[in-house]
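Student: The structure that follows is given in the form of structure tokens.
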Amino acid sequence: MAFPYMEAVVGFMILMYIFETYLDVRQHSALKLPTLPKTLEGVISQEKFEKSRAYSLDKSHFHFVHEFVTIVIDSTILYFGVLPWFWKISGDFMTIASLNAENEILHTLAFLAGVMIWSQITDLPFSLYSTFVIEARHGFNKQTPWLFFRDMIKGIFLSVIIGPPIVAAIIVIVQKGGPYLAIYLWAFTFGLSIVMMTLYPVLIAPLFNKFTPLPDGQLREKIEKLASSLNYPLKKLFVVDGSTRSSHSNAYMYGFFKNKRIVLYDTLIQQCKDDEEIVAVIAHELGHWKLNHTVYTFVAMQILTLLQFGGYTLVRNSTDLYRSFGFDTQPVLIGLIIFQHTVIPLQQLVSFGLNLVSRSFEFQADGFAKKLGYASGLRGGLVKLQEENLSAMNTDPWYSAYHYSHPPLVERLAALDKPDKKED
């Protein structure tokens, strides 16, 4: 008797939903607490706390509904054989359109087109409610319906342009890969990630946001001086018009080798009136670079990707696996989708481990900024970001340990306030 892969996958998905819902309930209870954590008393104003609490509870209620609908849809699709049915329908459409249904690349693209349409239809109500109800209710949304749909259309257009060549390449690699398939797939995805990281900030991101050089002044001088003191090869310093879509704030860095760039959200500059707070936040980000956190993370992800492709090569020809999900044939894309579902347990463990490492890196980057003399500025900057983004002030320890890639504000402030260990 063949192993019931599909039933096992659906069963684990439901178990994970139950477990994560339990964590969500714990977090919801923490969000309902009427008082600030003692560490934040006198640091966060009562007004900001009340606003943060209301915003977090609204998002929590929405999350419960969204996750329930998602697990119902996903389980139904797998358990009732919607995937093989839709694969057959896409093949019938190919025949009606006088296209060769035996051509796996064309058949796969027709299948993906249908999946994209379905995803847009099912996701749109949640996106609209999140953006124009929850975010608007709490003063974050700055998008007009026109801008929202324009961004959505641009995203679809980019998927239509970029997606087919990538899908075609993956199918050809799997069909021709032979015993070195895992290495070929990894090499392709590695090269693709490098290309996308190079092209995205230059060609794709400007389609959605406007990037302008940070004007000359004290803030620019301080950031450039900091970067120079750390030998960070800063080439360009931008401000992005994040305020056209949201009043949330952030800052990030990108670039390879000697071509590094720093981007500040205009909302960050508006919210942090003290330049030292912004510079301290940049010092934290530069700490990630100086301590090679980005390199370690990238290498770890490449190793995990290679291992994942190795696992795929071991099961891709398993007839029982495909039949368990209702397929009589073994299309490349379907094999990848099925494999992704079968390794969900491992993915959850890996995700948890990566979050642990990420939180450790955040503490290290905070410590790096502190050693540079930015402890006070970073403390103020973190508090300001927490306040202005209305981030959750009370967090359940189990929930944050499982979900958060960044430590809660309470833990970061406590670490910053610790006296440095004396060196012998």
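No lab work stands behind these numbers, since they all come straight from the coordinates. All of these numbers come straight from a predicted model, not from anything done at the bench. Here Cβ is always computed from backbone atoms with ideal geometry, including for glycine, and neighbour counts include all displayed protein chains.
Student: When the Cα atoms of the stretch 307-394 are enclosed in a convex hull and the volume is divided per residue, what value in Å³ results?
Tutor: Hull volume normalised by residue count: 161 Å³.
Student: Longest exposed-loop-site-free stretch of the chain, with trypsin sites (Lys or Arg not before Pro), DSSP loop and at most 13 other Cβ within 10 Å?
Tutor: In the chain, the maximal stretch lacking such sites is 33-209.
Student: Given the pairs Lys260/Lys371; Lys235/Lys384; Lys210/Lys260; Lys142/Lys260; Lys51/Lys210, which span a C-alpha to C-alpha distance of over 25 angstrom in this model?
Tutor: Result: Lys235/Lys384; Lys142/Lys260; Lys51/Lys210 exceed 25 Å.
Student: Just to be sure I follow the definition: excluding the sites themselves, where is the longest run in the chain that has none of the chymotrypsin sites (Phe, Trp or Tyr not before Pro) in a DSSP loop with at most 14 other Cβ atoms within 10 Å?
Tutor: Longest run free of exposed loop sites: 81-256.
Student: Also: Could you list log10 I(q)/I(0) for the chain at q = 0.06, 0.07, 0.11, 0.12 Å⁻¹, which the Debye formula gives when each Cα is one point scatterer?
Tutor: Those come out to -0.31, -0.42, -1.07, -1.26, one per q.
Student: In degrees between 0 and 90, to the nearest 10, how far off the longest principal axis of the chain does helix 375-388 point, with axes built from Cα atoms?
Tutor: Roughly 60 degrees between the two axes.
Student: Ok, one more. Rg over Rh of the stretch 343-424, using C-alpha atoms and the Kirkwood radius, what does it come to?
Tutor: 1.04
Student: Also, I was wondering about something else. Using the alpha-carbon centroid of each, what span in Å lies between the stretch 332-396 and the stretch 113-132?
Tutor: 26
Student: Follow-up. Calculate, axis by axis, the spread of Cα positions in the stretch 212-251 along the three principal axes, and write the results as whole Å, longest axis first.
Tutor: 34, 17, 15
Student: Between Asn250 and Ala414, what length comes free when the chain is fully extended (0.36 nm per residue of separation minus the Cα-Cα distance, one decimal in nm)?
Tutor: 56.8 nm
Student: What share of Cα pairs, in percent, lie more than 18 angstrom apart in the stretch 282-334?
Tutor: Percentage above 18 Å: 56.
Student: Once you have the alpha carbon radius of gyration of the stretch 71-150, what is it after dividing by 2.2 N^0.38 Å, with N set to its residue count?
Tutor: It is 1.52.
Student: A further question follows. Once both axes come from the Cα atoms, what is the angle between helix 218-229 and the longest principal axis of the chain, in degrees from 0 to 90, rounded to 10?
Tutor: With both axes taken from Cα atoms, the answer is about 70 degrees.
Student: Rounded to the nearest 500, what is the 222 nm mean residue ellipticity of the chain from helices alone, with -39500 (n - 2.57) per DSSP H run of 4+ residues and division by all residues?
Tutor: The per-residue figure over the chain is -22500 deg cm²/dmol.
Student: Another question, if that's okay. State which entries of Lys154/Lys273; Lys258/Lys290; Lys59/Lys273 exceed 25 angstrom in Cα-Cα distance in the structure shown.
Tutor: Lys154/Lys273; Lys59/Lys273, as the Cα separations exceed 25 Å there.
Student: Over all alpha-carbon pairs of the stretch 151-308, lay out the pair-distance distribution in 5 Å bins, whole %, shortest bin first.
Tutor: Each 5 Å bin holds this share of Cα pairs: 1, 7, 14, 17, 15, 15, 12, 9, 5, 3, 1, 0.
Student: Once the Cα gyration tensor of the stretch 169-252 is found, what semi-axes does its equivalent ellipsoid get, as square roots of 5 times the eigenvalues, in whole Å, sorted largest first?
Tutor: Here the semi-axes work out to 39, 18, 9 Å.
Student: Further question: Against the longest alpha carbon principal axis of the chain, how many degrees, from 0 to 90 and to the nearest 10, is the axis of helix 82-96 turned?
Tutor: 60
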